[in-house]
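The values are calculated or read from the model by the stated rules, or taken from the named source; none is laboratory data. Note that the structure is predicted; figures quoted are calculated from it, not measured. As a convention, Cβ positions derive from the backbone with ideal geometry for all residues, glycine included, and neighbour counts pool all protein chains shown.
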Amino acid sequence: MLSFITEKQSCWDRLSAEKRPVFIYGMGDGALKIMSVFRKRNISVAGIFASDEFVRGHYFEGFKVHRLSEVESMVEDFVVVLAFAAGYQEIVDKIHSIASRHTLYVPDVPVVGQGLFTYDYCVENAEKIQKVYDSLADDYSRKVYANIINFKISGKIEYLSAVTTPKAEIYRKIIKPGLNEVYVDLGAYNGDTIQELLEFTRGKYAEIYAVEPDRKNYKKLVKYVDNMPNVFTYNAAAWSIDCELPFSAKAGRQSSISASSSNMVTARAVDSMVNGNRPATIIKMDVEGFEREAIWGASNTISHDSPKLMVALYHRNEDIFEIPLLIMTLNPDYKLYVRHQLYIPAWETNLYATP
C-alpha cells in the first residue's frame, strides 16, 4: 500500500537537521505559518529576503528584509524556504532559477485548518489515499496524485514541474464544454472563471449561476456579467443548506467563512438554487476550504444529474482524499481526474469528475 509515495522524510525534518543557514523567501501569511512551525521544531531562521521591488527597507518579524543578491554576497552556501504562492510563469521561472543555485524547499502548510502533511499523516490515512489513487480514471491522474503527495511531504518543486498541465488542455480534453451549458460557479470571484469557460464555448451558454460571498469581489462580478442574459448572481457563500454564516472579508481571493467574524453572509446550497430550473451541467467549486460543505449542498444534483465537476483539492490537508471519496459516494459512475495547473506550492490542484 502507498508504494507510489517515495518521500518518507518531510522537509521539516530535513530543515531540522540542516547545518547551513536557512533563509525565508517572502513575507506575509505564508511566512508567519512557516515560522510558527520553525519555532515548534527549533529550526533557526538566518534571515528574510524578498523580491527586489518588495524590499525598500522593510522589516518582517524583527528581521531586516534583504535582496537575494545581498544574501548571496554575505553567505556562500544557504538553504531557501519559499513562503509565498506563485502562479505566473515569470515568478515560477525565477523560483526554479534560485533552486538551481541553492537548496530550496516549499513547505506545505494548509490554507485552512491545522496540522502538517507528512508521510506519517499519509500512513494514518493510507486506506483512503490508496482508494482514491486506485479509482482515478487515467495513468496521468495517478502520476499527478502521487507527485502532489510527494511534493507535500518533501517540499521539492520538481514534483510540481513534472506534472503541470495547461488550463486549456484540461478544458479541451476533460471538461469539453459545449455551447448549451448550465454553469454553476461557486467562488466566482470577479468573473474570471466564467470568462475562462466562455473562451471555450465561443461565448455560448444556456444559464450561469455565479456565487461570490465577498462584497468587493461581488461588485466586480456583477459589473463583468452586466448585460449578459440568463446569468444569476448571488452575494452568498456556497454551503450545505440555505442559511446565514459568519464571514471574514479579506483582500482578493482569501475571503472565507470564519467562526471568529461578527459579519454575516447569506449561504446557499446548489440544490435549492437550481431547484425547478434546468439541471446544472458544470459545477466549479473553489470555496476556500469549504468544498465538502458545498458538495453536500449539491448532493442531489451530483447524484441525479451528473454534472461535470471542477473542485479544488488543496485548501485542507484532508481534501486530497476526502473530496474524491465523497464524490465517489454520491455518484459512483463518475470518472475522476486530477490535474495540477501552474502554481507553487500545490495550489491549483483540482479534481475533475465527468459522467
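Computed values, structure above
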read-out: Positions within the stretch 313-355 being of a type in the set (Gly, Ala, Ser) and either farther than 25 Å from residue 91 by Cα or in the same structural domain as residue 144 (by TED's automatic domain parsing) (or both), in sequence order; value: 353
read-out: Condition met for residue 81 (under 20 Å from residue 340 (Cα atoms) and aliphatic (A, V, I, L, M)); value: no
read-out: Selection from the stretch 103-133 of residues that are of a type in the set (A, V, I, L, M), within 11 Å of residue 318 (Cβ to Cβ) and assigned to a helix (DSSP H, G or I); value: 129
read-out: Which listed residue is farther than 29 Å from residue 239 by Cα, of a type in the set (Lys, Arg) and surrounded by 15 or more Cβ atoms within 10 Å (Cβ to Cβ), from 128, 156, 173, 152; value: 156
read-out: Residue list for the stretch 188-228, restricted to those being under 23 Å from the mean Cα position of the chain (by Cα) and either among the aromatic types (Phe, Trp, Tyr) or within 30 Å of residue 139 (Cβ to Cβ) (or both); value: 189, 193, 196, 197, 199, 200, 209, 218
read-out: All positions within the stretch 219-236 that are of a type in the set (D, E, K, R) and in a helix (DSSP H, G or I); value: 219, 220, 223
read-out: First in the stretch 55-81 and in contact (Cβ under 8 Å) with a residue 24 or more places away in the chain, second anywhere and crowded, with 18+ Cβ neighbours inside 10 Å and of a type in the set (Ser, Thr, Tyr), Cβ under 8 Å, 6 or more apart; value: 68/25; 79/105; 80/25; 80/105; 81/25; 81/105
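For every residue, the table says whether it meets (1) in a helix (DSSP H, G or I); (2) touching a Leu at 6+ places or on another chain (Cβ under 7 Å).
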| site | (1), (2) |
| --- | --- |
| 283 | no, yes |
| 303 | yes, yes |
| 327 | yes, yes |
| 333 | no, no |
| 346 | no, yes |
| 350 | no, yes |
